[in-house]
Amino acid sequence: MNQNIAQKLTTSTSITTVVQQALKVLHMTNLELSDYVQQAALENPFLIVNSTDLANQLPASSASENPWSDSWETGDSGSNDDSETSLWEKTLCQPDDINQLIVSQINSSFTTPKEHRLALVLLGLLDERGFFTLDINVISNLLNVPVSLIHSVLVKLKTLEPAGLFAADWKESVLLQLIDQGHKTEIYSIILDNFQDILQGKLSGIQKASGLSSETIYKALKRIKNINPYPLKHNQPDEVVQLKIPDVIVTKDPTNGWVVSLNQDTLPKALADRDYFQEIKTACSLEEEKTFIRDSFQRATWLVKAMDQRCQNILKICESLIQKQYNFLDHGPKLLTPMTLKDIAVDVGVHESTVSRAIAHKYIQTPQGIYPLKYFFTQSIQGSFQEYSAESIRSQIRNLIQNETQSLSDDKIAEMLNNLGVDIARRTVTKYRESMSIPSSTERRRIKKIISI
């Protein structure tokens with residue numbers, strides 16, 4: 001009786017372990033799974049891992065100049081001053097702690113009154129990201145100081161902390177931070193100059209011209225990934241530096257229509273070596289050794305099965321998702337269909353939590369660009385003739401603002417959308433606009449005024 005109970009408890013524990021591992025593996029991205037499997041192979045002699053070609057571990061496309069942000073790009077100055085205020089009298093608009101850090105460095109770095117005063121003015125002209133994007137020739141005319149002086153002060157300002165401050169763009173910010181970390185920047189300069197081609201997988205020409213190996217490029221990209229390109233946003237939790245490496249790829253086949261596949265270039269391959277297990281088991285005589293190799297082989301088998309189940313679940317879920325999003329694939333975000341986790345769960349025949357784990361932190365490459373899988377799950381908004389997804393409404397709001405000749409208020413945008421058959425309130429427009437980090441109409445007018453200086 002006691003033996004039967006012990007056997008049942010052992011079996012129950014084994015099942016629980018298998019389920020927990022399957023859930024853990026399902027939640028991982030391809031790259032996270034690759035690291036996990038590689039580590040498991042170091043600890044398990046019966047787990048064989050086929051390493052993928054590093055040259056193919058790059059994403060196939062990228063739709064944005066800045067790979068780390070889909071936020072509203074204005075290229076504006078972060079100053080909030082009135083046009084009547086003299087540039088010499090601009091107040092510094094950064095948070096007190098950061099402002100204090102930068103000003104203290106300026107006080108110790110610039111000894112002549114003219115350079116010190118100019119450095120403080122340039123600090124006041126930084127945008128919200130910590131970039132200096134204004135034309136120094138314009139600043140020279142406004143302040144009546146030589147361009148050479150502005151240039152020399154900027155060179156010194158770019159050595160201040162936080163590293164990357166006063167860069168002209170995110171690429172220079174990354175290079176400044178790499179220099180600050182003690183890295184030689186020749187390789188990184190080549191990679192950043194060819195960043196879009198690399199993200200699109202166009203490596204052969206770059207490798208031939210530069211002499212860099214695919215492994216060198218990939219390692220450099222991993223280091224770049226860990227750098228925050230925005231020096232004044234280190235303390236903001238929403239600022240995530242992330243390369244969009246797809247786990248799933250959607251392509252259109254002339255015969256079969258839309259085809260969903262896993263990104264085999266980043267997907268690890270593993271198997272449990274039964275032949276080696278049998279060989280070692282036969283050679284072992286001690287019971288402890290037999291128990292160790294039996295448990296190790298069992299863990300390897302469980303992991304391989306969990307990886308296979310993960311692939312099947314992700315494929316089924318993404319195939320169901322794509323079937324509901326044909327309009328998006330052909331026409332883009334404006335025709336994104338409203339969809340919930342429950343819709344996919346019912347269609348595939350799994351629990352909602354399984355869908356949630358399967359899409360977590362994963363990206364899908366489509367003809368419209370690379371998107372997080374969670375992007376497609378959005379609430380619906382009622383229209384006169386159809387339901388709209390929240391994301392499609394965001395897309396329409398974004399397009400209206402990008403094409404505005406005069407700054408449109410949220411009330412005006414709501415009115416325009418209602419005229420198009422979308423039942424939306426002004427407060428909803430405000431919520432969606434703010435979620436995209438788009439400034440208000442008042443702020444946009446101020447930005448245009450500053451840029452026109």
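The values are calculated or read from the model by the stated rules, or taken from the named source; none is laboratory data. What you see is a predicted model, and the numbers here were worked out from it, not measured in a lab. Note that we place each Cβ from the backbone using ideal geometry, even for glycine, and neighbour counts take in every protein chain shown. Ligands, DNA and RNA are stripped out before the accessible areas are found, and what is left, the full protein with its side chains, is counted by its heavy atoms. Shrake-Rupley method; radii C 1.70, N 1.55, O 1.52, S 1.80 Å.
Details
- Single match in ILE106, ILE150 (criterion: within 22 Å of LEU232 (Cα to Cα), of a type in the set (A, V, I, L, M, F, W, C) and out of contact with any Ser or Thr (no Cβ under 7 Å at 6 or more places or on another chain)): ILE106
- Single unsatisfied condition, GLY182 versus (1) surrounded by 18 or more Cβ atoms within 10 Å (Cβ to Cβ); (2) under 27 Å from SER213 (Cβ atoms); (3) more than 24 Å from the chain's Cα centre (by Cα): (1)
- The helices (runs of 4 or more DSSP H) falling completely within region 144-204 that include 3 or more residues that are closer than 14 Å to PRO231 by Cα and at pLDDT below 90 map to 170-180.
- Members of region 120-154 found to be touching an Asp or Glu at 6+ places or on another chain (Cβ under 9 Å) and polar (S, T, N, Q), listed by number: THR133, SER152
- Contact annotation: residue pairs with Cβ atoms under 6 Å, 6 or more positions apart or on different chains, pairing a residue in region 300-325 that is hydroxyl-bearing (Ser, Thr, Tyr) with a partner that is surrounded by fewer than 23 Cβ atoms within 10 Å (Cβ to Cβ), are THR301/ALA272; SER320/ASP347; SER320/VAL348.
- Just one of the numbered conditions (1) open to solvent by 30 Å² or more (accessible area, probe 1.4 Å); (2) within 28 Å of ALA345 (Cβ to Cβ); (3) modelled with pLDDT under 90 is not true of ILE245: (1).
- Residues that are at pLDDT 90 or above and either in contact with a Phe, Trp or Tyr (Cβ under 7 Å, 6 or more places away or on another chain) or open to solvent by less than 40 Å² (accessible area, probe 1.4 Å) (or both), drawn from region 351-375: THR354, VAL355, ALA358, ILE359, ALA360, LYS362, TYR363, ILE364, PRO372, LEU373
- Any chance LEU126 is surrounded by 17 or more Cβ atoms within 10 Å (Cβ to Cβ), in contact with a Lys or Arg (Cβ under 9 Å, 6 or more places away or on another chain), aliphatic (A, V, I, L, M) and modelled with pLDDT of 80 or more: no
- ASN194, sole failed condition from (1) open to solvent by 10 Å² or more (accessible area, probe 1.4 Å); (2) in contact with a helix residue (DSSP H, G or I) (Cβ under 9 Å, 6 or more places away or on another chain); (3) under 19 Å from ILE102 (Cα atoms): (3)
- For region 397-434, the set of residues classified as surrounded by 17 or more Cβ atoms within 10 Å (Cβ to Cβ), part of a loop (DSSP other than H, G, I, E, B) and of a type outside the set (Val, Ile, Thr) consists of SER407, LEU408, listed by residue number.
- Top-ranked residue in region 443-453 [being assigned to a helix (DSSP H, G or I) and open to solvent by 70 Å² or more (accessible area, probe 1.4 Å); ranked as modelled with the lowest pLDDT]: ILE451
- You will find that of GLU434, GLU391, GLU404, the residue that is modelled with pLDDT of 85 or more and within 25 Å of HIS331 (Cβ to Cβ) is GLU404 and no other.
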